[in-house]
2 protein chains.
Amino acid sequence: MARPDQIRFRRSTLGEDVYEALKGLVLEHSLSPGDRINIDALAREFAVSPTPIREALARLEADGLVRKRPLVGYTVSPLLTRAEFDAMFEMRSLLECTSARWAAERADAAHREAVSAEAATTVAPQEDDPDGWHAAFTALDARFHDLVAEASGNGLLRDGIDRLHAHLHLHRRYFPYAQASATVEEHRRIAAAIQAADPDGAEAAMREHLARARERHLAAFD
Amino acid sequence: MARPDQIRFRRSTLGEDVYEALKGLVLEHSLSPGDRINIDALAREFAVSPTPIREALARLEADGLVRKRPLVGYTVSPLLTRAEFDAMFEMRSLLECTSARWAAERADAAHREAVSAEAATTVAPQEDDPDGWHAAFTALDARFHDLVAEASGNGLLRDGIDRLHAHLHLHRRYFPYAQASATVEEHRRIAAAIQAADPDGAEAAMREHLARARERHLAAFD
DNA sequence: CCATGAAATATCCTATAGGATCCACGATGA
DNA sequence: TCATCGTGGATCCTATAGGATATTTCATGG
């Protein structure tokens, strides 16, 4: 039985779509930190009215990705200062180490398997499209950490980690291509500890992973 | 030199005010968990247009205090389930114990003093106005924990704790009047450890405080 | 040459109106 | 008696227009 080509399933609302699109623009630095955001211009660009734009911006502000000055306008949140960068990794370490520990302690077989599977996947380096590679690798990293957080069994912890991960994008765009394999290897070690139900090992592996990731990103401050 | 009676200092915008007002209504259960929220009715009540209401609701949704079903409307987030309650206190323990530890390790004299001062203040029981007493005590508790978080020196940690504290209000309204003094005493012990620059002591005191607070609130599930 | 003040502009903020969708109620048929 | 379908009402969602404010620019005086 042939189905109509286009069923209007609009599960999400316009404001929702705008939020996702806008978030993507900020995270991939199509809107650079510090840029002013013109509501009317965005409305024209997305072909919607300013109202859903305002709604999306309000949510993004709660996420800390944009800032609002009354009667002046929205701006993309500025680049992280060194102090904010340190605070973020301190917080990530606190949250994610516990996430890994709990995942090792509590996760069921399906979650452990999902974590291991994600850690096993790789993205092929694409010399001709560094931006695409960067995006793919970033997405891979985000998925892995989110899967671990999901396996921890605490939804609030998962939300907090996700929120922090978004802040990571407010850092200067920098990608240590040469060390991508190191990241993957660290992920594998975490996944193995979780698979083996070794809380201490999982926490330690995550702690080392974050410490190294911090070092890698630190180079961007030069 | 006489100044005009009314300088329109409107630092905050309308949407901001609505957000604060609405948040207050939710936190004090003037809007009960599960209640539907009629945007137009709220707009009439606050004497503003629906737009700032929508903006405030979008932010409250990001905070997790209200939920939105597309093309249906907003509702106040439902009461915490037992599992969510446990997850929340698990998360609070993780965040606040570290908060207390870092405050003891790093805070400057002014912050330590502020924490101690807040721990020393009390609210007089008001038999004739239990709601007012409850509100005052809740505010006191929130201020104390926020001051400790501020003293920890990590703004992200402070934000996370504040966010969680709001969720606490989604619990069934219950107040162990008889044990208010116990709470104050526990606060004093935490403050003393921070004042004495004793990280282990501060963390332990906070851990015990949260464990006891959890027990106190657990009674509301009966 | 610099500082000060006022006018012009762009933008945000708010209010109102119309279209689209979902929920509830009642009627019909098995 | 139960399930299914159609209609009415309420609500949300979107679009557009007008008022208010901050920023910028330019002219003027020191």
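Nothing in this text is a laboratory measurement; each read-out follows from the coordinates by a stated rule. This structure is a prediction, so every number in the text was calculated from the model and none was measured. Here Cβ is always computed from backbone atoms with ideal geometry, including for glycine, and neighbour counts include all displayed protein chains.
Please report the relative contact order for segment A:1-123, taking Cα pairs under 8 Å with a sequence separation of at least 6, and give it as a percent rounded to a whole number. Working shown, then result.
Details: 74 pairs, mean separation 26.8, N = 123.
That works out to 22 percent.
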Between 0 and 90°, nearest 10: helix B:14-27 axis offset from chain B longest Cα axis:
60 degrees
Residue-normalised 222 nm signal for chain B, counting each DSSP H run of n ≥ 4 as -39,500 (n - 2.57), nearest 500 deg cm²/dmol, is -22000 deg cm²/dmol
Number of partner chain Cβ atoms within 10 Å, mean per residue of B:50-58:
4
Distances from residue B:131 to the same residue in each other copy, label points 7 Å out along Cα→Cβ, in nm, shortest first?
5.7
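Would you mind estimating how fast segment A:82-221 diffuses translationally, via Stokes-Einstein at 4 °C and 1.567 mPa s with the Kirkwood radius over Cα pairs, in µm²/s?
86 µm²/s
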Rounded to the nearest 20 debye, dipole of the protein assembly as shown from Cβ charges on Lys, Arg, Asp, Glu
980 debye
Residue-by-residue Karplus 3J(HN,Hα) for segment A:38-55, coefficients 6.51, -1.76, 1.60, Hz, glycine and proline x:
8, 4, 4, 4, 4, 4, 5, 4, 7, 6, 9, 7, x, 4, x, 4, 4, 4
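Between residue B:72 and residue B:162, what FRET efficiency follows from the Cβ-Cβ distance if R0 is 45 Å, with the result rounded to 0.05? Numbers along the way, then the final one.
Numbers: r = 29 Å, r/R0 = 0.65.
Here the calculated transfer efficiency is 0.95.
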Can you tell me the relative contact order of chain B? Whole percent, Cα pairs under 8 Å, sequence separation 6 or more.
23 percent
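Considering only DSSP beta bridges where both residues belong to the protein assembly as shown, give the percentage that are antiparallel (nearest 5). Write down the numbers at each step before the final one.
Numbers: 12 of 12 bridges.
Antiparallel: roughly 100 percent of the beta bridges in the protein assembly as shown.
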Please compute, for peptide B:61-70, the average count of beta-carbon atoms on other protein chains lying within 10 Å of each residue's beta-carbon.
3
Calculate the spin-label point distance for residue B:196 paired with residue A:121, positioning each point 7 Å from the Cα along the beta-carbon direction, and give it in nanometres.
5.2 nm
Give the residue list of GluC sites (Glu not before Pro) in segment B:40-147 that are DSSP loop and have at most 16 other beta-carbon atoms within 10 angstrom.
B:127
Mind listing the label-point distances from residue B:113 to the same position on all other copies, shortest first, one decimal in nm, points 7 Å along Cα→Cβ?
6.2
Which distance in nm do the two modelled labels at residue B:219 and residue A:139 give, with both placed 7 Å along the Cα-to-Cβ direction?
5.3 nm
Averaged over residues of A:150-158, the number of beta carbons from other chains lying within 10 Å of each residue's Cβ is 4
Lys, Arg +1 and Asp, Glu -1 on Cβ, resulting dipole of segment A:14-76 about Cα centre, debye, nearest 20
320 debye
Estimated Rh, the protein assembly as shown: Kirkwood, alpha-carbon pairs, angstrom
24.1 Å
